[in-house]
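In what follows, a structure is listed as structure tokens, so that the remarks can point back to it.
The values are calculated or read from the model by the stated rules, or taken from the named source; none is laboratory data. As the structure is a computational prediction, the values presented were derived from the model and not from experiment. Don't worry about glycine lacking a Cβ; one is built from the backbone with ideal geometry, like all the others, and counts go over all protein chains shown.
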């Protein structure tokens, strides 16, 4: 079921998928009911040849109910979807502060700039590392991303993580994820941002913890030992 969805490698991916399934089946039910009613009116409920058509003024409550009842159903279904998805939404939007790994992502026509803090663990200082279009993270570790844009609106989208958030000029938006599978995955821009939009594709590389430590050592070889000692 739902084999058309990409593989999920996020700790909250199954929760996102459950919301997608809920909306999918409710929408499918509404489609079947509406199309069934339409087909009934066309082939069964239509007037026979020679019968006089009925005239309705539309001023009575009985006629208004044809609009009010569907409106009430839509409102109830919408509230139910909001209720069922509230827990998932809260988890996805409020868990960023618990992450121990932080990366700043800046969208710019037509690249992603991944900015890592250096051994001082502060972004915006001289020891930062900026990488274009490649995000390195360890598996089974929570990662906080601070998203922004240097020019127009972009949208940071990682389908396998079920993560999608707009990058807005002048604003910092925090999101988080925890990848559960080592591998390499795409990071497309999901907001039309100019003529090169289709080529704005980055890569997410999920390392084992050992490989991620080696990657860190290759980028900050002189200060890692001192940093580890300070943490102890």
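Structural remarks
- All of 145, 129, 122 fail the test of being crowded, with 17+ Cβ neighbours inside 10 Å and either over 16 Å from residue 205 (Cβ atoms) or in contact with a strand residue (DSSP E or B) (Cβ under 7 Å, 6 or more places away or on another chain) (or both), apart from 145.
- Close Cβ contacts (under 7 Å, 6 or more residues apart or on different chains) running from residues in the stretch 62-76 that are at pLDDT below 90 to residues that are not in a helix (DSSP H, G or I) comprise 63/56.
- Qualifying positions in the stretch 179-195 - surrounded by fewer than 21 Cβ atoms within 10 Å (Cβ to Cβ) and part of a strand (DSSP E or B): 183, 184, 185, 186, 188
- Residue in the stretch 108-115 that is touching a helix residue (DSSP H, G or I) at 6+ places or on another chain (Cβ under 7 Å) and not assigned by TED's automatic domain parsing to the domain that holds residue 28 present: yes
- Some residue of the stretch 96-110 being under 15 Å from the mean Cα position of the chain (by Cα), crowded, with 19+ Cβ neighbours inside 10 Å and not in a loop (DSSP other than H, G, I, E, B): no
- Just one of the listed residues (82, 17) is surrounded by 14 or more Cβ atoms within 10 Å (Cβ to Cβ) and in a helix (DSSP H, G or I), namely 17.
- Apart from one condition, residue 23 fits all of (1) at pLDDT 85 or above; (2) on the phi > 0 side of the Ramachandran plot; the exception is (2).
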